Amino acid sequence: LTKNVCTWCVAKSLCTKQLCGNDNVIYPQQVPALMSGPDFCPRIASNEYMTYESGKREILTVKLAEIYLFMAFTPWKCKIQLNNKDVIVPAILVGESIFCESFEMKNDSEEPYTEGTVKVLWNYNKAFDGSLSFKVCRCDLEPNCIACNKKVKK
């Protein structure tokens, strides 16, 4: 929508120059309509960059914007990309946040840090715009990693 080349059909999760039928429609920004421009698009609103300790299971939380009511009643999933692999895990929607099922954060590389991303899928395979980036650190290679120093020492 930022390039003003298409109309976004929300339920179809499709950018098109054709009509959307009875679908919710988001028009390009220059079109004078109630819902025009990218601010109306379903998208990931989180921008917090998290760091996790390798080998630990974590529940990823992703804040969303522009969740349409019909989306709430569809299956939710998280597509996690880590170590050049994609893993899809079940998720639940609570309010404006998605909670991805517990996932083992593992840095398979020989580097102290590896990067990953999570995308949010609704209705099995329709993605919210954007992704959330994170890092996974190996405490044996980087003992000063913030995730390794979260432990409370007794």
Hey, got the Cα dimensions of region 44-100 along the principal axes, in Å, largest first? 36, 21, 18
Take the eigenvalues of the Cα gyration tensor for region 1-81, scale each by 5, and report the square roots as semi-axes in whole Å, largest first. 31, 15, 11
Fewest-first ordering of PHE70, PHE128 by Cβ atoms within 10 Å yields PHE70, PHE128
Would you mind telling me which residue in ASN107, ASN123, ASN84 has the biggest mean-square fluctuation in a Gaussian network model of the chain, where springs connect alpha carbons within a distance under 10 angstrom? ASN84
Compare the Cα positions of CYS78, CYS9, PRO112 along the charge dipole of the chain (+1 at Cβ of Lys, Arg; -1 at Cβ of Asp, Glu; about the Cα centre) and return the one farthest towards the positive end. CYS78
Spelling out what I want: for every residue of region 134-141, take phi, set θ = phi - 60°, compute 6.51 cos²θ - 1.76 cosθ + 1.60 (Karplus), and round to whole Hz; glycine and proline get x. 8, 10, 10, 10, 9, 5, 6, 9
Those cysteines in the chain that have no second cysteine Cβ within a distance under 4.7 Å are CYS41
Here D for region 1-40, in µm²/s, from Stokes-Einstein with a Kirkwood Rh over Cα pairs at 10 °C and 1.306 mPa s, works out to 162
Starting with the fewest neighbours, write out VAL136, VAL87 ranked by other beta-carbon atoms found within 10 Å of each beta-carbon. VAL87, VAL136
DSSP loop GluC sites (Glu not before Pro) with at most 10 other Cβ within 10 Å: longest gap in the chain: 49-109
Extension gain (nm, one decimal) between THR16 and THR61, 0.36 nm per residue minus Cα-Cα: 13.1 nm
Within 10 Å of each residue's Cβ, count the other Cβ atoms and sort TYR52, TYR124, TYR113 from fewest upward. TYR124, TYR113, TYR52
Once you put a point 7 Å from the Cα of LYS126 and another 7 Å from the Cα of TYR68, both along the Cβ direction, what distance in nm separates them? 0.6
Between the modelled labels at TYR113 and MET35 (7 Å from Cα along Cα→Cβ) the distance in nm is 3.8
Quick one: which of LYS12/LYS63; LYS12/LYS56; LYS12/LYS106; LYS12/LYS79 span more than 29 angstrom between C-alpha atoms? LYS12/LYS56; LYS12/LYS106
Given unit charges at Cβ for Lys, Arg (+) and Asp, Glu (-), the dipole magnitude of the chain about its Cα centre in debye, nearest 20, is 180
Per residue, how big is the convex hull of the chain when only Cα atoms are used? Give it in Å³. 136
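Just so you know, all these numbers are worked out from the coordinates, no wet-lab data involved. Note that the coordinates shown come from a computational prediction; the quantities given were computed from them, not determined experimentally. Using ideal geometry, Cβ is built from the backbone for each residue, glycine included, and neighbour counts are taken over all protein chains shown.
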